[in-house]
Amino acid sequence: MDGIRLEKDFTALVDDRVADGVFRVDRSVYTDPEVFDAEMVQIFEGGWIYLCHESQIPDEGSYYATDIGFTPVVVIRQKDGGLKTFINACSHRAAILTPRKQGKARVLTCRFHGWAYSCEGRCVRIKQEKEGFGEEEFDRSFYDLKVVPRTESYRGFVFGSLEENVPPLRAALAGAAGWIDLMVEQSPDGLEVVPGSSTYTIHGNWKMQIENSVDGHHVSTVHRVFANTMRNREERDGLTGMARTEGGRITGKVPSGAYDLGNGHMSIWAQHTTPERRPVYKKKDWLEANFSSGKVDWILNRGRNLAVFPNVALMDNPSTQIRRVRPISPDRTEVTVYCIAHVGEDDEARAARLRKFEDFYLTAGMATSDDMAALEDTYLGSHARAARWNDFNRGLHSMIEGADELAKLGGFEPVTSSESWENETLYLGFYRHWRDLMSVK
Amino acid sequence: MARFDVGEMKTSSKDIDMLVEVSDLINRESKYLDQRRWDDWLDLYSDDAVFWAPSWSAEDTLLEDPKTSLNLVFLEGRGRLEDRVFRIETEDSYASMPLDRTVHVVGNITVDGRNNGSIHASANAIVHSYGRHGAQTTGNLYEYILSELEGHLKIKQKKIILIDDAVAGPIDIYHF
């Protein structure tokens with residue numbers, strides 16, 4: 001907020017020589033505390049950070065306490081329906097103002113000394129004000145809450161920025177906006193976060209979790225066991241319809257792709273072999289009546305993972321997920337996952353969505369758990385200084401500049417397109433953006 | 001007051017027999033998990049058993065309707081438990097090979113009531129686990145619904161209230 005100062009330049013950690021077929025990243029980006037400290041300032045305090053979903057703060061005075069890097073913040077729904085975000089610390093002695101992570105209050109009263117603030121952030125009460133600050137007119141507004149300079153929502157997904165001088169959210173989202181559209185537009189009445197969440201910590205760097213969220217190359221190895229377990233279940237129990245799992249993508253050998261969506265955002269997709277097992281399939285007729293066939297194809301027939309730089313992934317597969325990433329230290333990352341679903345969907349679809357979520361996405365699920373173990377191993381391996389580089393050059397030879405044919409049908413504009421989700425060209429966008437933010441200007 | 005006034009005791013010998021039987025079942029479950037005796041563990045559950053860890057909606061509100069809210073685990077039917085054992089035994093699960101070592105310390109076992117042939121019981125458990133990525137200890141409140149099938153007590157439902165908000169690293173059924 002008070003200007004960004006970067007003393008050390010980290011540009012050299014990204015070895016970007018695509019013309020020579022080389023794009024690689026020094027593994028110290030995951031392990032070096034100096035890199036981490038700079039990221040917290042340059043990336044997390046320097047641009048848009050995903051905060052929460054609007055359905056989590058429905059009414060005037062609804063609040064959601066979260067963070068931007070190490071800064072505790074609280075998003076509050078205003079009287080006019082708008083959103084404001086404040087530093088979640090009493091202006092007096094810094095105590096956290098929200099008793100709970102999520103709630104509703106007309107006034108936030110500090111439980112330490114009793115000072116109080118309105119939803120608009122005005123300091124409305126100081127205990128024993130006259131005794132403490134004299135009889136003469138006292139300007140209490142000096143103690144108003146510090147406002148996070150920017151709060152914007154894109155189609156329900158709320159972001160905030162401690163840096164005032166950032167582009168509007170829609171522009172910053174670049175090609176990711178079109179991918180959020182694919183998630184939002186499939187539901188006539190919008191999306192909502194389903195009650196409940198799961199939080200876990202990973203012994204690994206936050207970027208590894210973001211990378212993993214859009215890594216198609218691991219799916220047919222790490223999640224082979226998930227596909228086999230589901231096959232075993234379905235044969236044993238004779239399951240039909242939505243009770244079955246969409247496992248075709250996992251074993252590979254289906255059409256797939258990957259996109260660098262600009263500004264560090266990335267996405268992957270793979271073709272569903274049995275899309276009728278997804279809850280969204282119930283909306284098929286409505287979708288076909290309202291959208292182009294190309295867009296309907298994207299919504300119904302392709303599983304999609306989107307990573308929005310730097311701290312959230314949105315998954316739209318047999319189940320649907322918001323995965324928010326909070327860096328704690330170079331070697332520790334906290335992740336909270338939420339199920340996001342169609343408002344007003346029927347009980348069968350909602351239950352199917354939840355059960356598919358629990359099967360796959362949780363730390364006690366049968367896929368995310370394996371992802372976590374794998375990326376914890378990549379963290380351990382990254383300490384080897386004699387083996388310095390992570391290569392991200394798979395698929396460079398076949399990378400397409402700009403949009404491929406499918407992207408044009410989906411209505412989004414990638415920087416580059418790749419013909420397979422096994423390729424790693426999407427990470428070029430991530431690490432080039434990272435490098436730009438981590439360089440001395 | 002006499003320390004052993006049988007007339008004042010509210011617990012009948014039948015109740016004590018029940019408590020012993022319930023305690024034995026709960027203790028054996030922990031032992032089988034710690035000793036990785038998966039088939040013996042599965043055998044403690046009825047075919048229609050539910051293995052369930054609800055999630056918290058807020059600091060002090062537990063979400064107890066699996067149809068409408070997200071759970072940390074919700075396995076309906078013993079087949080879903082068999083899925084977990086299948087996965088572990090394949091040795092193809094990254095998180096399960098090698099398996100963490102665990103020790104369940106279970107206490108505070110009480111029989112809380114009976115209705116329609118079901119027995120409601122509860123217990124507390126501290127589960128310590130250790131694996132290649134470190135150690136952790138979690139606190140769990142267990143709520144069991146048991147019923148007698150073919151002369152043996154079986155678990156019809158095990159509800160696990162994990163009191164920790166965040167857990168470190170991947171966990172599985174044997175960490176609860």
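What follows is calculated from the coordinates using simple rules that are stated; it is not laboratory data. Everything quoted here is computed from the prediction, not taken from an experiment. Note: ideal-geometry Cβ built from the backbone for every residue, glycine included; neighbour counts use all protein chains shown.
Applying 1/(1 + (r/R0)^6) with R0 = 35 Å to the Cβ-Cβ distance of B:Glu150 and B:Val105 gives a FRET efficiency near 0.70. Projecting the Cα atoms of A:Trp115, A:Met183, A:Ala349 onto the charge dipole of the protein assembly as shown, computed from C-beta unit charges around the Cα centre, puts A:Trp115 farthest toward the positive end. Centre-to-centre separation between the Cα atoms of the range A:263-295 and those of the range B:59-92: 27 Å.
Using only Cα atoms, figure out Rg for the range A:49-154 and give it as a multiple of 2.2 N^0.38 Å. Kindly include the intermediate steps, with their values, before the conclusion.
Numbers: Rg = 14.0 Å, N = 106, 2.2 N^0.38 = 12.9 Å.
Normalised by 2.2 N^0.38 Å, the Cα Rg of the range A:49-154 equals 1.08.
Computed from the C-alpha gyration tensor, the three semi-axes of the ellipsoid equivalent to the range A:174-437 are 28, 23, 18 Å, from longest to shortest.
Give a quick list of trypsin sites (Lys or Arg not before Pro) in the range A:318-401 that DSSP marks as loop, anything other than H, G, I, E or B, with at most 14 other Cβ atoms within 10 Å.
A:Arg385, A:Arg388
Each Lys and Arg adds +1 at its Cβ and each Asp and Glu adds -1 at its Cβ; summed about the Cα centre, the range A:174-437 shows a dipole of about 420 debye. Got a sec? Charge dipole of chain A, +1 on Cβ for Lys and Arg, -1 for Asp and Glu; which of A:Asn165, A:Tyr379, A:Val22 is way out at the positive end? Farthest along the dipole direction, towards plus: A:Tyr379. Once a ≥ b ≥ c are taken as the square roots of the eigenvalues of the Cα gyration tensor of the range A:184-262, is the result rounded (a/c under 1.5), prolate (a/b larger than b/c) or oblate (a/b not larger than b/c)? Taking the square roots of the gyration eigenvalues as a ≥ b ≥ c, the range A:184-262 is rounded. With the simple spin-label model, which puts each label point 7 Å out from Cα in the Cβ direction, the A:Ala384 to A:Glu120 separation comes to 6.1 nm.
Expressed as a whole number of Å, what is the distance separating the alpha-carbon centroids of the range B:20-37 and the range A:1-61? Going from one Cα centre to the other spans 48 Å.
Principal axis extents of the Cα atoms in the range A:156-207, from largest to smallest and rounded to whole angstrom, are 36, 33, 18.
May I ask you to list the residues of the range A:270-286 whose amide nitrogen lies under 13 Å from a point 7 Å from Cα along the Cα→beta-carbon direction of A:Thr251? Correct set: A:273-274.
FRET efficiency for the pair A:Arg332 and B:Ser13, taken as 1/(1 + (r/R0)^6) with r the Cβ-Cβ distance and R0 = 51 Å, rounds to 0.45. Size descriptors for the protein assembly as shown, from the alpha-carbon set: Rg then Dmax equal 26.3, 93 Å.
Extension gain for A:Glu276 to A:Glu60 (0.36 nm times residue separation, less C-alpha to C-alpha distance): 73.9 nm.
Taking label positions 7 Å along the Cα-Cβ direction at both A:Gln78 and A:Glu405, the computed distance is 4.8 nm, reported to one decimal. Annotation note: chymotrypsin sites (Phe, Trp or Tyr not before Pro) in the range A:66-136 located in DSSP loop regions with a Cβ neighbour count of at most 16 within 10 Å are A:Phe70, A:Phe112. With the simple model of a label 7 Å out from the Cα in the direction of the Cβ, B:Arg28 to B:His120 spans 2.5 nm. Exposure proxy for A:Val25, A:Val280: other Cβ atoms within 10 Å of each Cβ, ordered fewest to most, give A:Val280, A:Val25. Taking the Cα centre of the range A:291-441 as reference, the dipole from Cβ charges on Lys and Arg (+1) and Asp and Glu (-1) amounts to some 580 debye.
For chain B, the longest principal axis of the C-alpha atoms and the axis of helix B:78-90 are separated by about 40°. Would you mind getting me the FRET efficiency between A:Ile96 and A:Ala243? Use the beta-carbon distance for r and R0 = 30 Å, nearest 0.05. With R0 = 30 Å, the Cβ-Cβ based efficiency is 0.10. The slack between A:Thr11 and A:Glu235, meaning 0.36 nm per residue of separation minus the straight C-alpha distance, is 75.4 nm. Please check which bits of the range A:39-81 a label hung off B:Ala166 would reach, taking the label as a point 7 Å along Cα-to-C-beta and the cut-off as backbone N under 19 Å. Of the residues in the range A:39-81, A:39-41, A:44-45, A:49-53, A:64-75 have backbone N under 19 Å from the label point off B:Ala166. Which distance in Å, rounded to a whole number, links the C-alpha centroids of the range A:354-374 and the range A:300-315? Taking the Cα centre of the range A:300-315 as reference, the centre of the range A:354-374 is 16 Å away.
Which length gain, in nm to one decimal place, applies between A:Glu137 and A:Val18 when the Cα-Cα distance is subtracted from 0.36 nm times their residue separation?
Numbers: separation 119, 0.36 × 119 = 42.84 nm, distance 6.53 nm.
Gain on extension, A:Glu137 to A:Val18, equals 36.3 nm.
Rounded, prolate or oblate: which one fits the range A:237-312, using the alpha carbon gyration tensor with axes a ≥ b ≥ c (rounded when a/c is under 1.5, else prolate when a/b beats b/c, else oblate)? Note, shape of the range A:237-312 comes out oblate. For trypsin sites (Lys or Arg not before Pro), the sites in the range B:24-130 that DSSP calls loop and that have at most 14 other Cβ atoms within 10 Å are B:Arg37, B:Lys67.
By the gyration tensor of its Cα atoms, with a ≥ b ≥ c the square roots of the eigenvalues, what is the shape of the range A:352-441: rounded for a/c under 1.5, prolate for a/b over b/c, or oblate?
oblate
Helical runs (DSSP H, four residues minimum) scored at -39500 (n - 2.57) apiece and divided by the length of the protein assembly as shown put the mean residue ellipticity at 222 nm at -7500 deg cm²/dmol.
About the Cα centre, and with charges only on the beta carbon of Lys, Arg (+1) and Asp, Glu (-1), how big is the dipole of the protein assembly as shown? Nearest 20 debye, please.
That gives a dipole near 220 debye.
Sorted ascending by nearby beta carbons within 10 Å, beginning with the fewest, A:Phe430, A:Phe291 become A:Phe291, A:Phe430.
Bridging of A:Lys104 to lysines at a Cα separation below 24 Å is possible for A:Lys79, A:Lys84, A:Lys127, A:Lys146, once same-chain residues fewer than 8 apart are set aside. As a rough footprinting exposure proxy, the listed residues B:Ser57, A:Ser161 were ranked by other beta carbons within 10 Å of their own, and the order from fewest upward is B:Ser57, A:Ser161. Inverting the pair-averaged 1/r between distinct Cα atoms of the range B:12-175 gives 16.6 Å as its Kirkwood hydrodynamic radius. Charges on Cβ only, +1 for Lys and Arg, -1 for Asp and Glu, centred on the Cα centroid of chain A; of A:Thr221, A:Phe142, A:Ile400, which one is farthest towards the dipole's positive end? Result: A:Thr221.
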